[in-house]
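The values are calculated or read from the model by the stated rules, or taken from the named source; none is laboratory data. No experiment lies behind these values; they were computed from the predicted model shown. Cβ sites come from the backbone with ideal geometry, for glycine too, and all protein chains shown count toward neighbours. These area figures cover heavy atoms from the full protein model, side chains too; ligands, DNA and RNA do not enter into them. Shrake-Rupley method; radii C 1.70, N 1.55, O 1.52, S 1.80 Å.
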Amino acid sequence: SYQRQLAQYEKATDLDALTNILNRKGLFEKIEQSVAEARRNSISLSVALFDIDNFKRINDSYGHLAGAALLQQIAKLLSIDDASYCARLGGEEFILVMPEKSPSAAAQTAKAAVAPGGAPAGGFRLQYGHAGATFCQMQRS
């Protein structure tokens, strides 16, 4: 039906074409709902931000197909459970939103998702630093 096709189209505009996770538009719509729910129910809402260091060098050295494969693998690594969701903010920047997780639990979850020795990402292993992630908690005032 027309309504179903329209809903599918609207959903498609919220997804990043390369990684098939939320894009910036989809994130802003979904996080607005998550913030409202966290405030309404006085629950935690933790966020982790990720940036791939030297991503341009990966593209320049190994080609854009390798860079694209790396982005796709990172999206898979950050798709951790049904309660949390991730988005590609643009380029090599990702965000992981974890409703009902405290900052300490979110830190552990984010570290586990991108732990050294994890799944190969486009022929590379994802390296990370604690400075690359920011965690915050929202509480009802």
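Using r as the Cβ-Cβ distance of residue 89 and residue 41, and R0 as 25 Å, what FRET efficiency do you calculate, to the nearest 0.05?
Details: r = 26 Å, r/R0 = 1.05.
With R0 = 25 Å, the Cβ-Cβ based efficiency is 0.45.
Averaged over its residues, segment 1-86 has an accessible area of 65 Å² per residue, based on protein heavy atoms and a 1.4 Å probe. Ligands, DNA and RNA excluded, the heavy atoms of residue 39 present near 140 Å² of accessible surface to a 1.4 Å solvent probe.
If R0 is taken as 25 Å, the Cβ-Cβ distance between residue 61 and residue 29 corresponds to a FRET efficiency of 0.10.
The GluC sites (Glu not before Pro) found in segment 1-94 include none that occupy coil by DSSP while having at most 15 further C-beta atoms within 10 Å. Close amide-amide hydrogen proximity is noted between residue 100 and 44, 45, 46, each under 5 Å apart and 5 or more residues distant or on a separate chain (H modeled in the peptide plane; Pro and chain starts excluded).
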